[in-house]
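All remarks here apply to the structure that follows.
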Amino acid sequence: MLLESLRKQVLETALQMISDGLAFGAGGNVSALDRESGLLAITPSALEYQKMAPDDVVVIDKHGKVVEGKWKPTSEMPMHTIFYRERDEVGAVVHTHAPYASIFAVINEPVPLVITEAALCIGAPVRVAPYCRPGTEELARVVLDTMGAEMAVLLGQHGLITVGANLGQAYSSTIATEMSARVTFMARSMGAEPQLLNLEEVAELRQLYLRHYRPSAAKS
Ligand SMILES: [Zn+2]
């Protein structure tokens, strides 16, 4: 099976997003890039993740042509492939219907940076891309343009998409955005407006994360 280990990792991330309550059934989608071959592993369309095996994950090229797989790739494929074509540093894309982030997507308000986790993983408020119909090239272009050089963007009336150098980073950005949205929502439901992180501190935290955050052996 082509890209066996990457297909496994894509399925594991999809299952994680279901167990974390960030997508439901066959909702949301995940992809990752194999830098050596330039091919992607991407979740299939309309298949429930909990019933899937790694070979249900589809292998495509950066233009969406199926290279190996039993199923059609996710209908939201255009907003995955566009990142691999246009941003060389992107190695993984995660799209979810994370509930608290989705609240900000429907009230058309960026998710503010209120917790350190968000400063580390995403480094900037998460903007809202204007509504476009799911699965279209138009949505893919709007999402890419609204995200700019950042790691996350909200899709108007729809959900959240994050990118990263690998699946771990892309998924951490999803969690950080959702946590920031949740904490903001809860603070406001207490009648308080959360305090924003200082932007200089955000920039330094983000640099620390990029330079030093990786598994390291304990010093003996
Ligand atoms: Zn969606």
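The values are calculated or read from the model by the stated rules, or taken from the named source; none is laboratory data. Because the structure is predicted, anything quoted here is derived from the model rather than measured. Virtual Cβ from ideal backbone geometry, glycine too; neighbours counted across all protein chains shown.
Observations, loosely collected:
- Filtering the stretch 129-139 to residues that are surrounded by fewer than 20 Cβ atoms within 10 Å (Cβ to Cβ) and either hydrophobic (A, V, I, L, M, F, W, C) or touching a Lys or Arg at 6+ places or on another chain (Cβ under 7 Å) (or both) leaves only Cys132.
- Once the stretch 25-71 is narrowed to residues that are among the β-branched types (Val, Ile, Thr) and surrounded by fewer than 19 Cβ atoms within 10 Å (Cβ to Cβ), the residue that is farthest from the ligand (Cβ to nearest atom) is Val67.
- Residues of the stretch 197-214 classified as in contact (Cβ under 8 Å) with a residue 40 or more places away in the chain, under 13 Å from Val114 (Cα atoms) and not in a helix (DSSP H, G or I), total: 1
- Filtered residues of the stretch 72-87 (kept if away from the ligand (no atom under 16 Å from the Cβ) and in a helix (DSSP H, G or I)): Tyr84, Arg85, Glu86
- Some residue of the stretch 49-67 being within 20 Å of Thr177 (Cα to Cα) and either in a loop (DSSP other than H, G, I, E, B) or among the acidic types (Asp, Glu) (or both): no
- Taking the stretch 101-126 as the range and being closer than 15 Å to Glu204 by Cβ and polar (S, T, N, Q) as the test, only Thr116 passes.
- Which listed residue is surrounded by 15 or more Cβ atoms within 10 Å (Cβ to Cβ), in a loop (DSSP other than H, G, I, E, B) and of a type in the set (A, V, I, L, M, F, W, C), from Val142, Val90, Val163: Val90
- Selection within the stretch 145-160 - surrounded by fewer than 20 Cβ atoms within 10 Å (Cβ to Cβ) and within 16 Å of the ligand (Cβ to nearest atom): Thr146, Gly156, Gln157
- Verdict on Glu178 being of a type outside the set (Val, Ile, Thr) and surrounded by fewer than 21 Cβ atoms within 10 Å (Cβ to Cβ): no
- Residues (away from the ligand (no atom under 16 Å from the Cβ) and closer than 21 Å to Ile18 by Cβ) located in the stretch 90-129: Ala92, Cys121
- Residue pairs meeting the criteria (Cβ under 8 Å; at least 6 apart or on separate chains; first farther than 9 Å from Gly164 by Cβ, in the stretch 79-98; second among the aromatic types (Phe, Trp, Tyr) and within 16 Å of the ligand (Cβ to nearest atom)): His97/Phe24
- Of all the criteria given as (1) within 17 Å of Arg87 (Cβ to Cβ); (2) assigned to a helix (DSSP H, G or I); (3) more than 16 Å from the ligand (Cβ to nearest atom), the one not satisfied by Ser172 is (1).
- Candidates Leu40, Leu3, filtered to the one that is more than 17 Å from Ile82 (Cα to Cα), at pLDDT 95 or above and touching a strand residue (DSSP E or B) at 6+ places or on another chain (Cβ under 7 Å): Leu3
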